[in-house]
Amino acid sequence: MNKSFFETSKISYEGPKSKSPLAFKYYNPEEIVDGKKMSEHLRFSVAFWHTFNYGGSDPFGTDTMMRPWSKVSNPMDLALAKIDALFEFCEKLNVEYFCFHDRDIAPEESTLRETNKNLDIVVDHIKDHMKTSRVKVLWVTANMFSNPRYVHGAATSPNADVFAYAAAQVKKALEIAREVGAQNYVFWGGREGYDTLLNTDMEFELENMARFLHMAVDYAKEIGFDGQFLLEPKPKEPTKHQYDFDAASAIAFLQRYDLSDHFKLNIEANHATLAGHTFQHELMYARINDKLGSIDANQGDLLLGWDVDRFPTNLYEATLAMHEVIKNGGLHKGGLNFDAKVRRASFKTEDLFVVHVAGMDTFAAGWKIAHKIIKDGLVDKIVSDRYASYQYGIGKEIVSGKASFKTLEEYIIDKSEILNDSGMQEYLESLINQYLLNYDD
Ligand code: XUL
Ligand code: CO
């Protein structure tokens, strides 16, 4: 437990003049804004799977990354070593949270009973670390997409034995979530969708997905797990069509199956763009429906049509995303989880620190710019002025419910001219540029 895995020293804040790849320029975790530390506003999290399990392979080539723990050959020793490395990494990076799938942290055996025994050993090890560390668990999830048994889905599999296996797996994952004090529990429906409707009873699959989620809610209540449940929308990949396609379809599903009170959403940037939306659109849609729970902070590459999980460095996108987070009153139990991986060519172990620093600085700067935009109120005023006609006269009657088709016809039928105003889009875009360049004024 005392062995060090990383030569990199603790990352500190050096300010915007620093050019060091291993120092924060914009993220000062201790800085207080609006009565809260920046670390509390942003609640960064390391994704265990990308940071400790990814070795750099892609469909065309093998691993490129030699990690300090790569030489440990016994699977359980390796699992425990990675937990040690995780706590050292988070502490050096000044990140307070991490997220994991059950199968990320312990090897799978031929029966669930045996697999669960491995999990128990690793979870005990996590709890030991937590006794002396301030690192906590943002969310836990179950991997119900990698093992071949999930070839047709988990809760939406046509095979009832698979449904049962998935249920038992989530039961255990919820027990783990309670054990480690996870603040949230995530369902990403990796294979909960279809490849062809020719072999799919969509209605039955959706009903089964709802039955499954109700069982999860009931079991969480039974064992006293009080974390927030989250659905993570994604339109496709690995399936052709995933049922939780985007925020709008996930929210409609929750409402239709009476799950709305129990779930919020975990919005991922690259999933938003795969669905043909901007990141901000998905965050705003979730927010206005009181469903913005947490964020998987990454970015896609708009020239590529698949999920690339890049570390986020696009300041413009980050600013608009943080605008939604601030308007949401923060992320509450949620956080900013870097569901992102280093590029295959960024194979040095130190790169793991460099990319997280880049992502954290991007969101910290974006948060501050968004904070200034909201505090100045100029953008908000332009938006509210645009709808000013609903504050008096006929507009007020529409909003208050006094108007009907008949009264509206009476009002408009003899009006020969309607006056519209400019949408001001280009001015607003240049105004955002001004904030991006002068956020510290
Ligand atoms: C896959 C994805 C997952 C979920 C957790 O695209 O985002 O890693 O975040 O299963
Ligand atoms: Co994700």
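Computed from the coordinates by the stated procedures, all read-outs in this text should not be read as laboratory data. Quick caveat, the model's predicted, so the values are computed rather than measured. Heads up, the Cβs are rebuilt from the backbone with ideal geometry, glycines too, and the neighbour counts pull from every protein chain shown.
Remarks
- Shape category assigned to region 46-164 from the gyration tensor of Cα positions, a/c cut at 1.5: prolate
- Cα→Cβ-extended label distance, 7 Å offset, between H332 and A248, nm: 2.4 nm
- Angle in degrees between helix 75-93 and the longest Cα principal axis of the chain, rounded to the nearest 10: 50 degrees
- Each label point was placed 7 Å from the Cα along the Cα-to-Cβ direction; for I412 and I223 their separation is 5.6 nm.
- Think of the chain as having a plus end and a minus end, set by charges on the Cβ of Lys, Arg, Asp and Glu; of N28, A340, V379, N28 sits farthest toward the positive end of this dipole.
- The simple Förster model, with R0 at 45 Å and r as the Cβ-Cβ distance, assigns T132 and W306 a FRET efficiency of 0.65.
- Considering only the chain, percent of DSSP beta bridges that pair antiparallel, nearest 5: 15 percent
- Spacing of the two label points (7 Å from each Cα toward its C-beta) at M424 and I32, in nm: 3.5 nm
- Size of electric dipole in region 136-201: Cβ of Lys, Arg +1 and of Asp, Glu -1, about Cα centre, debye, nearest 20: 280 debye
- Loop-resident sites, region 210-319, for trypsin sites (Lys or Arg not before Pro), counting at most 15 other Cβ within 10 Å (DSSP): K240
- This model, with +1 at the C-beta of Lys and Arg and -1 at the C-beta of Asp and Glu, gives the chain a dipole about its Cα centre of some 940 debye.
- Potential lengthening between T313 and E237 on full extension [0.36 nm per residue; Cα-Cα distance subtracted]: 25.0 nm
- Relative to the dominant Cα principal axis of the chain, helix 349-376 is inclined by about 20°.
- Here the peptides 11-17, 227-233 are ranked by packing, the mean other Cβ count within 10 Å, and the order with the highest first is 227-233, 11-17.
- Reachable aspartates and glutamates from K10, criterion Cα separation under 18 angstrom, eight or more residues apart if same chain: E30, E31, D84, E88, E91, E96, E350, D351, D361
- Candidates T200, Y316, T115 compared by Cα position along the dipole of the chain: farthest toward the positive end lies T115, with charges placed on Cβ.
- Rounded to the nearest 20 debye, the dipole size of region 47-122 about its Cα centre is 120 debye, using +1 on the Cβ of Lys and Arg and -1 on the Cβ of Asp and Glu.
- Pairwise FRET efficiency - K71 versus K10, Cβ, R0 = 35 Å, nearest 0.05: 0.90
- Candidate aspartates and glutamates - alpha carbon under 18 Å from K406, same-chain residues fewer than 8 apart omitted: E397, D414
- Local electrostatic count at E192 - Lys and Arg +1, Asp and Glu -1, tallied over other residues with Cβ under 9 Å: -1
- Going from the fewest other Cβ atoms within 10 Å to the most, the residues T115, T407 appear in the order T407, T115.
- Sites matching chymotrypsin sites (Phe, Trp or Tyr not before Pro) across region 389-423 that sit in DSSP coil, with at most 11 neighbouring C-beta atoms within 10 Å: Y392
- Sum of -39500 (n - 2.57) over DSSP H runs of 4+, divided by residues of the chain (222 nm, nearest 500): -14000 deg cm²/dmol
- Per-pair calculated FRET efficiency, R0 = 56 Å: V399 and E114 via Cβ, rounded to 0.05: 0.35
- By the beta-carbon count within 10 Å of each Cβ, the least crowded to most crowded order of E410, E179, E40, fewest first, is E410, E40, E179.
- Lys/Arg +1, Asp/Glu -1 at C-beta; region 1-111 dipole; positive extreme among S70, G15, A85: G15
- Remark on K264: its backbone amide H falls under 5 Å from those of F229, L230, L231, a criterion applied only to residues 5 or more positions apart or on other chains, H modelled at 1.01 Å from N.
- Between 0 and 90°, nearest 10: helix 247-256 axis offset from the chain longest Cα axis: 90 degrees
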